[in-house]
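First the structure, in the form of structure tokens, and then the observations on it.
Nothing in this text is a laboratory measurement; each read-out follows from the coordinates by a stated rule. It should be emphasised that the depicted structure is a prediction, and the values quoted were computed from it without experimental measurement. Here Cβ is always computed from backbone atoms with ideal geometry, including for glycine, and neighbour counts include all displayed protein chains.
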Amino acid sequence: MPEKQTVIGRFAPSPTGPLHLGSLYTALASFLQARSQQGRWLLRIDDLDTPRNRPGSVASILDTLDKLGLHWDGGIAYQSRQLACYQDKLDYLLQNHWLYRCGCSRKMPGSENYSGHCRNHHVSPGIPHALRLKTDTWQVIFDDLLQGLVTEQLSGPHSDFIVKRKDHVIAYQFAVVVDDHLQQVNEIVRGCDLLTSTPKQIYLQQLLGYPTPRYVHVPVIIDRYGFKLSKQTLATAVDTHNPSALIFNLLDLLKQQPPKALTGASVTELLNWAVAHWHPEALKNTQTLSIS
Ligand code: GLU
Ligand code: ZN
């Protein structure tokens with residue numbers, strides 16, 4: 001019998017503000033998924049998008065995780081310390097003609113609206129440009145633990161996506177693939193808002209010769225107006241004054257049905273119960289979860 005591979009999961013918040021209920025929901029789900037399999041749970045700070053970083057966020061995120069008993073393994077990884085590594089992988093793709101310069105303005109957000117223009121037009125290195133990855137007509141299929149089979153057709157030039165932005169920031173899609181590989185992450189639990197990014201990331205993994213991790217996309221919490229809780233919708237930071245009540249509430253939102261008898265139990269007791277009873281299937285085929 002081959003030895004069972006240790007599960008390595010991670011939580012990768014961006015330091016754009018304090019954690020809100022939506023981000024904690026994902027944090028707890030990924031913690032329970034790793035711990036219930038005796039796996040490792042890593043913490044990475046996705047701090048590349050410097051214009052969006054807010055001072056003090058990292059300290060506040062660490063403090064919240066600590067209060068909630070969500071202790072990670074090993075040190076904290078910071079994407080901002082991996083720039084040489086990203087550049088190395090970009091150089092590899094450049095040398096193999098997978099990337100090209102794109103001078104288009106970002107008037108139309110989202111690569112869906114990109115015309116494919118620069119793939120066949122020379123953009124001089126001297127003018128501000130992004131780097132785009134060439135996609136092929138290529139079908140990406142993956143079996144998400146909760147969302148089932150996901151199929152996405154990359155369709156050539158129109159799907160070419162940015163790996164390095166015009167402002168020189170390494171794009172999320174690219175950094176996340178390199179980092180998850182460096183950290184040997186083999187199971188990714190994150191919100192369904194990133195479901196459409198996953199095929200792009202799998203495509204990149206294939207080009208870079210990386211194995212594809214297992215994916216577990218949990219529902220995203222939406223407010224009464226149907227918007228995802230995020231800093232943009234001004235979701236308030238969670239109140240950590242009563243960590244036990246907060247964990248209880250999150251377990252309830254994760255449909256784990258914590259027993260009433262555990263009301264007021266310590267954070268450690270609650271987490272021990274949750275690890276022992278974790279059943280992510282309760283979240284199957286659900287992409288959003290409405291609160292209030
Ligand atoms: N840093 C990303 C975010 O805060 C999450 C990255 C990921 O889980 O792949 O949305
Ligand atoms: Zn262009």
Checklist entry - Relative to the first principal axis of the alpha-carbon coordinates of the chain, what is the inclination of helix 57-67, with its axis defined by its Cα atoms, in degrees from 0 to 90 and to the nearest 10? => result 30 degrees
Item to check | MRE, 222 nm, helices only [DSSP H, n ≥ 4, -39500 (n - 2.57), over the chain, to nearest 500] | outcome: -9000 deg cm²/dmol
Checklist outcome for this item: Which residues qualify? For ILE170, with a placed amide H closer than 5 Å and at least 5 residues away or on another chain, they are ARG165
Next on the checklist: Go through the cysteines of the chain and tell me which have no other cysteine Cβ under 4.7 Å away.
Outcome noted: CYS85, CYS104, CYS192
Checklist outcome for this item: The answer for ASP144, listing residues at least 5 apart or on another chain whose modeled amide H is closer than 5 Å to its amide H, is LEU149, VAL150
Checklist entry - In percent, what relative contact order does the stretch 73-210 have, based on Cα pairs under 8 Å that are 6 or more apart in sequence? => result 21 percent
Checklist entry - To the nearest 10 degrees, how steep is helix 198-208 against the longest Cα principal axis of the chain, on a 0 to 90 scale? => result 60 degrees
Checklist entry - Under the definition of Cα pairs under 8 Å and six or more residues apart, what whole-number percent is the relative contact order of the stretch 201-292? => result 38 percent
Checklist entry - Given LYS164/LYS200; LYS164/LYS228; LYS4/LYS255; LYS200/LYS284, which pairs have Cα atoms separated by over 19 Å? => result LYS164/LYS228; LYS4/LYS255; LYS200/LYS284
Checklist entry - Residue by residue through the stretch 278-287, which ³J(HN,Hα) values in whole Hz follow from phi under the Karplus form 6.51 cos²θ - 1.76 cosθ + 1.60 (θ = phi - 60°), with glycine and proline marked x? => result 4, 9, x, 4, 4, 9, 4, 6, 10, 9
Item to check | On Cα atoms only, tilt of 172-182 relative to the major axis of the chain in degrees | outcome: 70 degrees
Checklist entry - Amide H neighbours of ARG54 under 5 Å, counting only residues 5+ apart in sequence or on other chains, H built in-plane at 1.01 Å? => result THR16, GLY17
Item to check | Electrostatic dipole magnitude of the chain [Cβ: Lys, Arg +1; Asp, Glu -1; Cα centre; debye, to 20] | outcome: 600 debye
Checklist entry - For the stretch 177-272, with only Lys/Arg (+1) and Asp/Glu (-1) charged at the beta-carbon, what is the dipole magnitude about the Cα centre, in debye rounded to 20? => result 240 debye
Checklist entry - Cα centroids of the stretch 243-266 and the stretch 12-28: how far apart, whole angstrom? => result 18 Å
